[in-house]
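Data first, discussion second: the structure below is written as structure tokens.
The values are calculated or read from the model by the stated rules, or taken from the named source; none is laboratory data. Owing to the predicted nature of the structure, the values given are computational and were not obtained by experimental measurement. As a convention, Cβ positions derive from the backbone with ideal geometry for all residues, glycine included, and neighbour counts pool all protein chains shown.
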Amino acid sequence: MNSFRKGFGLLKDIRYEKIEPGKPSLMIHSGKFKKNQIDSFTSTNHALQEFAEIELRKRFAIVYSEKCIYIIGGYIFDPEIPIRKKPLKDYKYDFQTRKLIPTQALPNGASH
């Protein structure tokens, strides 16, 4: 075997990091999640648009529950330094209020 390619999940050298909002690396749906695909897509897009205005986070997960979407984990890319930082907050998007609400970050988030 003489041809290897980078596998999914490997971080590139920070000098090649793109200055654009990240996409979720993982999406998990609750067994009780009852929204149809169009509503789910619309809510997710709205949550991600709001999220992109707050911070430049990469490699995060989205968890769908009956009442909200959780945006958790990943890392924040600071292009000015450049550095990858552990997020201090995670977020949840409430379906009823249609607002993104900061929550306590999960422990042990990796930034590199």
ask   = Going through segment 59-75 one residue at a time, which ones are surrounded by fewer than 18 Cβ atoms within 10 Å (Cβ to Cβ) and of a type outside the set (Ser, Thr, Tyr)?
value = Ala61, Glu66, Lys67
ask   = Out of all the residues in segment 64-101, which are assigned to a strand (DSSP E or B), closer than 13 Å to Glu17 by Cα and β-branched (Val, Ile, Thr)?
value = Ile76, Ile83
key: Filter pass, Ser40 being of a type in the set (Gly, Ala, Ser), crowded, with 16+ Cβ neighbours inside 10 Å, closer than 27 Å to Lys99 by Cβ and modelled with pLDDT under 90   = yes
inquiry  = Go through segment 30-49 and report how many residues are within 14 Å of the chain's Cα centre (by Cα) and not in a helix (DSSP H, G or I).
reply    = 0
key: Boolean, Asp78 is farther than 28 Å from Lys32 by Cα and within 16 Å of the chain's Cα centre (by Cα)   = yes
ask   = If you go through segment 17-32 one residue at a time, how many are over 15 Å from Lys92 (Cα atoms) and either surrounded by 12 or more Cβ atoms within 10 Å (Cβ to Cβ) or at pLDDT below 80 (or both)?
value = 7
